[in-house]
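Asker: Quick one: this structure, given as structure tokens, is what I'll be asking you about.
The values are calculated or read from the model by the stated rules, or taken from the named source; none is laboratory data. Since the structure is predicted, the reported quantities are computational estimates derived from the model, not experimental observations. A quick note on method: Cβ atoms are made from the backbone with ideal geometry, for glycine too, and the neighbour counts reach across all protein chains shown. Accessible surface is based on the protein model in full, side chains and every heavy atom, while ligands, DNA and RNA are left aside. Shrake-Rupley method; radii C 1.70, N 1.55, O 1.52, S 1.80 Å.
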Amino acid sequence: MVMDPRLSVIDTRLARIKRLIAVSGGKGGIGKSLISSLLALTLSRLGYTVGLLDLDLSAPSTHVILGIEGVYPKEERGIVPPEVHGIEFMSIVYFTGDEPTPLRGTDISNALLELLAITQWGSLDFLIVDMPPGIGDASLDIIRWLRKAEFLVVTTGSKVALETVKKVLKMLNELNRPIIGVIENMKLRDSSVVKEELKKFEVPLLGAIEFDMNLEDSIGDANRLLERDAAARLKEIVMRNPRFNLEQGR
Amino acid sequence: MHEWSLAEAVIATALEESRKEGLEEITEIKLKIGELQQLDVEIFKFALDELAETLDEGSLLKEMKIKMEPEKAIFKCRVCEKEWDFGETGLSEEEYEAVHFAPEVAHAYIRCPSCKSPDFEVIQGRGVLIQTIKGKR
């Protein structure tokens, strides 16, 4: 039987990472990449050693949010992600640039496996993973391969997003994977709809981040992003919630 | 030096298989080396030998021979069914390097020479595969 050797080294590559948080949600456009980026920045500013891995291979965007350009991984017994804004940052964009890279399911699985097998992370307190949308090949492979992942699920208050988020929660429960909780993003008005829907899943709503009209102006500038209300709110959620289990900085 | 991480994967798989199969010694690993990944075979061989020594705590790999069989990369267009090989792709140096790190990135730079579609399949020769592991019980 032909064997793919890369599967055997994923755990070794992740061995020096204390906690791996996969930011999920299923639906596209609900702010997974923004929350992933802000979470990585926030934890880094609190003094933790942090990595950010963008696994949305079809539409990677954390490099745009953080304004990362002109850097490239170093080749050393694999590839070593460059440190940007205090974060070890890894994304397929280093290799695809601006070119569209249309990948079928098996290609996505292969590329994900390659990134996981060859990336040499440092000793990290946190690795934040920006998950792809959907519950197809890509998500299922990541869930299977990242055995130490804890899931932070993002939703909006829209019934449209919640419908998919509920499927993600159900799937994670069925697969017996730990869920830190849910963050309601882009909150527009007071409503208990998210809280009510989550009751069925015994998953806590960690907090809400209000819709910020001016956030777009800060995209691409990590320092300005951290000054936005969304960043302050996420920091509060992360610091306050015992499920993140943070000390007061490092 | 990306060859080292793939060599480590091969040795880790061999050790894992020996445990699963109850082998006391691994005598041979046969690998297929796909052209698309463009491995430096000399570095890869060197890394395999070095890692076989450092990672093998129980002398399982002492007598191991590694056989490598190169495999040509062949693409097939899903739209017009044209088949072509890696030699016809005309990639720049940077593009070759990107494909070396993650062969699927070929979909960013290679198009069907007949209909220009990016929707093609790598039907063989993607990267490193283990064909067989032989050993003694």
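Asker: Among the residues of segment A:74-87, count how many are in contact (Cβ under 8 Å) with a residue 12 or more places away in the chain and either more than 7 Å from chain B (Cβ to nearest Cβ) or closer than 16 Å to A:Ser37 by Cα (or both). Walk me through how you get there before you give the answer.
Answerer: We begin by selecting, within segment A:74-87, every residue in contact (Cβ under 8 Å) with a residue 12 or more places away in the chain; these are A:76-81, A:84-87.
Restricting the remaining residues to those that are either more than 7 Å from chain B (Cβ to nearest Cβ) or closer than 16 Å to A:Ser37 by Cα (or both) gives A:80-81, A:84-87.
Residues flagged as in contact (Cβ under 8 Å) with a residue 12 or more places away in the chain and either more than 7 Å from chain B (Cβ to nearest Cβ) or closer than 16 Å to A:Ser37 by Cα (or both) within segment A:74-87 amount to 6.
Asker: Now a separate question. All but one of (1) out of contact with any Asp or Glu (no Cβ under 8 Å at 6 or more places or on another chain); (2) without any contact (Cβ under 8 Å) to a residue 24 or more places away in the chain hold for A:Met3, so report the exception by its number.
Answerer: (1)
Asker: Just to verify a result, which residue in segment A:1-34, among those that are among the charged types (D, E, K, R) and over 19 Å from A:Leu53 (Cβ atoms), is farthest from the other protein chains (Cβ to nearest Cβ)?
Answerer: Within segment A:1-34, the first condition is being among the charged types (D, E, K, R), and the residues that meet it are A:4, A:6, A:11, A:13, A:16, A:18-19, A:27, A:32.
Narrowing the set further to residues that are over 19 Å from A:Leu53 (Cβ atoms) leaves A:4, A:27.
Numbers: A:Asp4: 6, A:Lys27: 25 Å.
That would be A:Lys27.
To keep it simple, each residue is scored yes or no on (1) farther than 18 Å from B:Glu95 by Cα; (2) within 8 Å of chain B (Cβ to nearest Cβ); (3) in contact with a helix residue (DSSP H, G or I) (Cβ under 7 Å, 6 or more places away or on another chain).
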position: A:Ile65; (1), (2), (3): yes, no, yes
position: A:Tyr72; (1), (2), (3): no, no, yes
position: A:Phe89; (1), (2), (3): yes, no, no
position: A:Gly122; (1), (2), (3): yes, no, no
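Asker: Also: If you go through segment B:82-100 one residue at a time, do you hit one that is outside any loop (DSSP other than H, G, I, E, B), under 18 Å from A:Thr12 (Cβ atoms), more than 17 Å from the chain's Cα centre (by Cα) and more than 9 Å from every other protein chain (Cβ to nearest Cβ)?
Answerer: Looking for residues that are outside any loop (DSSP other than H, G, I, E, B), under 18 Å from A:Thr12 (Cβ atoms), more than 17 Å from the chain's Cα centre (by Cα) and more than 9 Å from every other protein chain (Cβ to nearest Cβ), one finds none in segment B:82-100, hence no.
Asker: Give the number of residues within segment B:1-50 that are within 8 Å of another protein chain (Cβ to nearest Cβ), in contact with a strand residue (DSSP E or B) (Cβ under 7 Å, 6 or more places away or on another chain) and either assigned to a helix (DSSP H, G or I) or closer than 14 Å to B:Ile66 by Cβ (or both).
Answerer: Selection size over segment B:1-50: 5.
Asker: Moving on. Tally up the residues in segment A:134-151 that are buried (at least 21 other Cβ atoms within 10 Å of the Cβ) and touching a Lys or Arg at 6+ places or on another chain (Cβ under 9 Å), please.
Answerer: So the count comes out to 2.
Asker: So A:Thr96 clears everything in (1) farther than 14 Å from A:Leu20 by Cα; (2) away from chain B (no Cβ under 12 Å) except one condition, right? Which one?
Answerer: All conditions are met except number (2).
Asker: Are any of the residues in segment B:120-134 out of contact with any strand residue (DSSP E or B) (no Cβ under 6 Å at 6 or more places or on another chain), of a type outside the set (Gly, Ala, Ser) and either in a helix (DSSP H, G or I) or open to solvent by 60 Å² or more (accessible area, probe 1.4 Å) (or both)?
Answerer: No; the residues of segment B:120-134 include none that is out of contact with any strand residue (DSSP E or B) (no Cβ under 6 Å at 6 or more places or on another chain), of a type outside the set (Gly, Ala, Ser) and either in a helix (DSSP H, G or I) or open to solvent by 60 Å² or more (accessible area, probe 1.4 Å) (or both).
Asker: Here is a check on your reading of the model: is A:Asp98 in contact (Cβ under 8 Å) with a residue 24 or more places away in the chain and surrounded by fewer than 16 Cβ atoms within 10 Å (Cβ to Cβ)?
Answerer: no
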